[in-house]
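The values are calculated or read from the model by the stated rules, or taken from the named source; none is laboratory data. None of these values were measured; they are calculated from a predicted model. As a convention, Cβ positions derive from the backbone with ideal geometry for all residues, glycine included, and neighbour counts pool all protein chains shown.
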Amino acid sequence: MPPLLLLHGALGSKEQFDPLLQLLSDNLPVHSLNFTGHGSVPLTDEPFCIELFCTDVLEWMDREKIDCADIFGYSMGGCVGLFLARHHPTRVNRIMTLATKFQWDAITAQREAARLELKVIESKLPAFAQQLAQRHSEQNWRGVVERTAAMMLALGEKPTLTEQDLCSIQHTVLVSVGDRDTMVGIEETAAAYRSLPNAQLLILPGTPHPLERVEPKRLAREIKAFFSVD
């Protein structure tokens, strides 16, 4: 069985997967990593983009001597997993995404980037600002937010994964979304499911977008069920 790699979302870090790791590690060889600039990984001069984070995964796999991995990607991490499957198909086995946004255009990107205004976060969402500072360090968290917003605007101009890209991915993929997700719609998730040749669709009841609000035991059961299938 290939190892399972957990990929975090925008503004996230691998530590968010700690509850899942505890629930999965007895059944699966499971790992997680931080993308460039996230968590304890330093910021570089490179702008955030899916291609950069794909390189992070490939370099991590090479260091760990992992030729091929199953991937669970939360939100942006799902984009990275599918991008890997599209452009480096032999390095990926099966993929499960949760709360991954597939519909990117200029209006959507501007709306999402507007939520990451630093002045608004610092003045109106101090608890969120403190959480980000703890996750990425007091020195780096503002840079993480700014580069994430810039990445979203870039995705609005040129989406990393088009419908044509999804149609070319032959891997077995489970796309999932919560029915209470206000960032990622069921319809855009279903559209991605229809574009992927070998896909399954899962709607999690009573589940919003933030990973911390997804019931860990329920998610662990779904991950085990999908990745344990021969």
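Within segment 94-112, being over 17 Å from the mean Cα position of the chain (by Cα) and among the aliphatic types (A, V, I, L, M) holds for ALA106, ILE107. Residues considered: LEU28, LEU6. Of these, the only one that is assigned to a strand (DSSP E or B), surrounded by 16 or more Cβ atoms within 10 Å (Cβ to Cβ) and either among the polar types (S, T, N, Q) or touching a residue at least 60 places away in the same chain (Cβ under 8 Å) (or both) is LEU6.
If I filter segment 174-185 for residues that are surrounded by 15 or more Cβ atoms within 10 Å (Cβ to Cβ), out of contact with any helix residue (DSSP H, G or I) (no Cβ under 9 Å at 6 or more places or on another chain), touching a residue at least 40 places away in the same chain (Cβ under 8 Å) and assigned to a loop (DSSP other than H, G, I, E, B), do I get at least one hit? So far as segment 174-185 goes, yes, one or more of its residues are surrounded by 15 or more Cβ atoms within 10 Å (Cβ to Cβ), out of contact with any helix residue (DSSP H, G or I) (no Cβ under 9 Å at 6 or more places or on another chain), touching a residue at least 40 places away in the same chain (Cβ under 8 Å) and assigned to a loop (DSSP other than H, G, I, E, B).
Inspection of segment 160-172 identifies at least one residue that is in contact with a Pro (Cβ under 9 Å, 6 or more places away or on another chain) and either small (Gly, Ala, Ser) or modelled with pLDDT under 95 (or both).
Within segment 109-122, can one find any residue that is surrounded by 14 or more Cβ atoms within 10 Å (Cβ to Cβ) and of a type in the set (S, T, N, Q)? Among the residues of segment 109-122, not one is surrounded by 14 or more Cβ atoms within 10 Å (Cβ to Cβ) and of a type in the set (S, T, N, Q), which makes the answer no. Being closer than 26 Å to TRP104 by Cα, under 11 Å from the mean Cα position of the chain (by Cα) and either surrounded by fewer than 16 Cβ atoms within 10 Å (Cβ to Cβ) or not acidic (Asp, Glu) (or both) narrows it down to one residue among LEU11, LEU58, LEU33, LEU52; which is it? That would be LEU11, the only listed residue that is closer than 26 Å to TRP104 by Cα, under 11 Å from the mean Cα position of the chain (by Cα) and either surrounded by fewer than 16 Cβ atoms within 10 Å (Cβ to Cβ) or not acidic (Asp, Glu) (or both). Of all residues in segment 41-81, those satisfying the criterion of being without any contact (Cβ under 8 Å) to a residue 24 or more places away in the chain and assigned to a loop (DSSP other than H, G, I, E, B) are VAL41, THR44, ASP45, GLU46, LYS65. Scanning segment 193-218 for residues being surrounded by fewer than 17 Cβ atoms within 10 Å (Cβ to Cβ) and either among the polar types (S, T, N, Q) or in a strand (DSSP E or B) (or both) gives a total of 4.
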